[in-house]
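The values are calculated or read from the model by the stated rules, or taken from the named source; none is laboratory data. Keep in mind that what you see is a predicted model, and the values were worked out from it rather than measured. Cβ atoms come from the backbone with ideal geometry, glycine included; neighbour counts cover every protein chain shown.
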Number of protein chains: 2
Amino acid sequence: MISVVILGAGNVATHLFKAFDKAENITVIQWYNRNLDSLNQYINSVDITDDLNNLKEADVYILAVSDDAIGNLSSELPFENRLVVHTSGSVGVYDLDKKHKRGVLYPLQTFSKNVKIDFANVPICIETIDKKNYPLLKKLTKSIGSPIKRVNSDQRKVLHLAAVFVNNFTNQLYRIGHEITESEGAEFDLLKPLIVETAKKIIDTSPFMAQTGPAKRNDKKTIKKHLKLLENNQQHKAIYELLTTSIQRTHGTKKL
Amino acid sequence: MISVVILGAGNVATHLFKAFDKAENITVIQWYNRNLDSLNQYINSVDITDDLNNLKEADVYILAVSDDAIGNLSSELPFENRLVVHTSGSVGVYDLDKKHKRGVLYPLQTFSKNVKIDFANVPICIETIDKKNYPLLKKLTKSIGSPIKRVNSDQRKVLHLAAVFVNNFTNQLYRIGHEITESEGAEFDLLKPLIVETAKKIIDTSPFMAQTGPAKRNDKKTIKKHLKLLENNQQHKAIYELLTTSIQRTHGTKKL
């Protein structure tokens, strides 16, 4: 049985609590947050506290707090030589106080407060400074059904950066699609099957092979028509031009 | 029974042929292409021809050819006053020769040669100049199980433009994610569940509500780290900056 203390009360903390709470080989012995309000609804399932001096002894302490809070919180923990991990994609493992055994458990997925998460669809990137601590984190992660990948800090940082491209930026392209269609009273809903299909295609096909459209074909007539439609929104136009150039560089079609 | 002649042999033509061929109330009486090579494999299922003068009389002629070929091909058809439609998102309905009854049947989906298409997931946008011809196109489209939407040319054109954003440009962001992860020997595959989840989220949540991440939070520290990681690729950096600004304008976080 692996004993866990969770620190933090955001989306990642909450989803991890629910997953660990259901897992057979894990017991969440305590949940800490500096403000108890967000934890009160779990008072019957787990011991909750807002006092670091009350923290129980556990096999792993999981700091699922905002990036800026990780370093300080790890220093304020009133013990040493125990395994302390954070869950951030962009914070280094050395940002944790060196009095601890240190590691990272980075779930590579988008979490929403009210959307159930199946951890079988959440790859978890694991890192430990001392390799002796790796098996415990691996066992912990395996218990919730997640695919596990050992990564170093540099790899984790580029994964986090790439996640911004494929998640936040992609979502903004959906938003622009929404704005463009609504400007003519067309229905954004009509694009949803295309959006889902575009994402699913990537499972079996590389993004390079999957590319289609006027930029790749260097179809100047269509590109010109599109730029004309975007005349009243210079920012959308700039995004269209930049991504068209990017596709053409990738596919070597710029000078056709 | 609706009789159909298909003209063209690309992905859209082929997928439409297969769908119509299976549909109960439709008979594809002929398939034309200027080059018979691509049609020879269907010689046992349908009458094929490369001669416009041999075209049979049908209820609908579907011009599933490249955008540039639509106007000329419609003029070369050796008959008039029959229903002729094209399948393009960006070509006007008036680009068809005026000797015909004219319409558009625009399937809003990405088609790949070897990937099966379920037309239940392909919204089809229909337009006719004369509303008398609308019911026939509607019946035809309904027979293959597609959701149907009547749109005008302006709406169809912005749908096509928006499709470039949510399909081609999104796919290029996947490509950039691929390049970024590989640059550090990290696995692009780890991002696939995130890619699929990001797309699926849109089905129930508006892209505005679904947005997360450093740009929306105006998390300057993380943005700075990311820009540093992109220092060696000015184009990826420019895309990062432009889409970050776009998110911040959408969410009013620019001046926090």
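Values computed for the structure shown
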read-out: Unmet requirement for A:Thr181, which otherwise passes all of (1) facing chain B (nearest Cβ under 7 Å); (2) under 21 Å from B:Tyr174 (Cβ atoms); (3) in a helix (DSSP H, G or I); (4) not aromatic (Phe, Trp, Tyr); value: (2)
read-out: Residue that is surrounded by the most Cβ atoms within 10 Å (Cβ to Cβ), among those in the stretch A:105-120 that are polar (S, T, N, Q) and within 17 Å of A:His86 (Cα to Cα); value: A:Gln109
read-out: Flag if A:Thr198 is of a type in the set (Val, Ile, Thr) and surrounded by fewer than 22 Cβ atoms within 10 Å (Cβ to Cβ); value: no
read-out: Single unsatisfied condition, A:Asn133 versus (1) buried (at least 24 other Cβ atoms within 10 Å of the Cβ); (2) farther than 30 Å from B:Asn152 by Cα; value: (1)
read-out: Test result for A:Leu83, in contact with a Gly (Cβ under 7 Å, 6 or more places away or on another chain) and farther than 20 Å from B:Lys225 by Cβ; value: yes
read-out: Some residue of the stretch A:131-139 being under 16 Å from the mean Cα position of the chain (by Cα), within 30 Å of B:Leu230 (Cβ to Cβ) and more than 7 Å from chain B (Cβ to nearest Cβ); value: no
read-out: Enumeration of residues in the stretch A:189-213 that are over 30 Å from B:Glu187 (Cβ atoms) and either more than 7 Å from chain B (Cβ to nearest Cβ) or modelled with pLDDT under 95 (or both); value: A:Asp189
read-out: Close pairs from the stretch B:48-76: first within 22 Å of B:Lys132 (Cα to Cα), partner part of a helix (DSSP H, G or I), Cβ under 7 Å, at least 6 apart; value: B:Asp59/B:Leu136; B:Val60/B:Leu136; B:Val60/B:Leu140; B:Ile62/B:Leu16; B:Leu63/B:Ile70; B:Leu63/B:Leu73; B:Leu63/B:Ser74
read-out: Residue selected from the stretch A:4-28 under the condition surrounded by fewer than 17 Cβ atoms within 10 Å (Cβ to Cβ) and more than 22 Å from A:Asn114 (Cβ to Cβ), by the criterion modelled with the highest pLDDT; value: A:Thr27
read-out: Every residue from the stretch B:158-206 that is under 22 Å from B:Thr250 (Cβ atoms) and β-branched (Val, Ile, Thr); value: B:Val158, B:Val164, B:Val166, B:Thr170, B:Ile176, B:Ile195, B:Thr198, B:Ile202, B:Ile203, B:Thr205
read-out: Test: residue in the stretch B:140-149 that is within 7 Å of chain A (Cβ to nearest Cβ) and either under 21 Å from B:Phe111 (Cα atoms) or at pLDDT below 95 (or both); value: yes
read-out: Evaluation of B:Val104 against (1) in contact with a Ser or Thr (Cβ under 7 Å, 6 or more places away or on another chain); (2) under 23 Å from B:Ile26 (Cα atoms) (one fails), failing number; value: (1)
read-out: Candidate set from the stretch B:29-38 (those that are of a type in the set (S, T, N, Q) and under 22 Å from the mean Cα position of the chain (by Cα)); member that is surrounded by the fewest Cβ atoms within 10 Å (Cβ to Cβ); value: B:Ser38
read-out: Test for A:Lys99: is it at pLDDT 95 or above, in contact with a strand residue (DSSP E or B) (Cβ under 8 Å, 6 or more places away or on another chain) and farther than 22 Å from B:Gln211 by Cα; value: no
read-out: Candidate set from the stretch A:106-130 (those that are assigned to a strand (DSSP E or B) and within 14 Å of another protein chain (Cβ to nearest Cβ)); member that is nearest to the chain's Cα centre (by Cα); value: A:Pro107
read-out: Which listed residue, of A:Glu187, A:Glu127, A:Glu197, A:Glu182, is under 23 Å from B:Lys216 (Cα atoms), in contact with a helix residue (DSSP H, G or I) (Cβ under 9 Å, 6 or more places away or on another chain) and free of Cβ contacts under 8 Å to residues at least 40 places away in the same chain; value: A:Glu182
